[in-house]
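Note sheet for the following structure.
The values are calculated or read from the model by the stated rules, or taken from the named source; none is laboratory data. Model, not experiment: these values are computed from the prediction. All Cβ positions, glycine included, derive from the backbone under ideal geometry; neighbour counts span all protein chains shown. What goes into the accessible areas is simple: the full protein's heavy atoms, side chains included, and nothing from ligands, DNA or RNA. Shrake-Rupley method; radii C 1.70, N 1.55, O 1.52, S 1.80 Å.
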Amino acid sequence: MSIVIEQPVEARLVAAAPRMSTIPAMLHYDRRDPYAVRMTFPAPATLEGVEVCWTFSRELLAAGLHAPQGHGDVRVRPYGYDRTVMEFHAPEGTAVVHVMTGELRRFLRATGELVPVGLEYLQLDLDHDLAQLMRDAC
């Protein structure tokens, strides 16, 4: 059984100009980190020219499909019937992208099949993680 889900999505970058360019992005979920989702943007799509990866909670993504969510670096909100707005805030600036809500729902459904919502804690190996922390502290 796979422990990782990766799903490409098409994001539409909202720029100052009226034109919106499409950029590929990758959603990533790993059951070894069951509360987190990562969204990666390729180097050509970023101002710095390097791949950029944002990590945020699966719960934030799911809740943001229905109502505005987030007060920090990542914010998610519905936009119309079939799109979701994702904002990524960094000291260098803010990126705003539109993603088709259906793609996000499909991704969340797959993550829920891998690790059901509410049962994430069963994937954690706290003894191993604590031992790793103790080993690193010495």
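Some notes on this structure:
- L65 falls short on exactly one of the conditions (1) open to solvent by 80 Å² or more (accessible area, probe 1.4 Å); (2) of a type outside the set (D, E, K, R); (3) in contact (Cβ under 8 Å) with a residue 24 or more places away in the chain, and that condition is (1).
- The lone exception for E92 - which of (1) in contact with a strand residue (DSSP E or B) (Cβ under 8 Å, 6 or more places away or on another chain); (2) open to solvent by 40 Å² or more (accessible area, probe 1.4 Å); (3) farther than 18 Å from P24 by Cα; (4) in contact (Cβ under 8 Å) with a residue 12 or more places away in the chain it fails: (1)
- Filtered residue count, the range 88-102, keeping only those that are out of contact with any Asp or Glu (no Cβ under 9 Å at 6 or more places or on another chain) and under 16 Å from C53 (Cα atoms): 2
- Residue in the range 94-111 that is over 20 Å from Q7 (Cβ atoms), at pLDDT below 95, out of contact with any Leu (no Cβ under 6 Å at 6 or more places or on another chain) and of a type in the set (G, A, S) present: no
- Residues that are among the small types (G, A, S) and under 20 Å from G72 (Cβ atoms) within the range 93-111 comprise G93, A95, listed in sequence order.
- The single condition among (1) of a type outside the set (A, V, I, L, M, F, W, C); (2) at pLDDT 95 or above; (3) open to solvent by less than 20 Å² (accessible area, probe 1.4 Å) that P34 does not meet is (2).
- Each residue in the range 95-104 was checked for being within 13 Å of H66 (Cα to Cα) and open to solvent by 10 Å² or more (accessible area, probe 1.4 Å), and 1 of them qualify.
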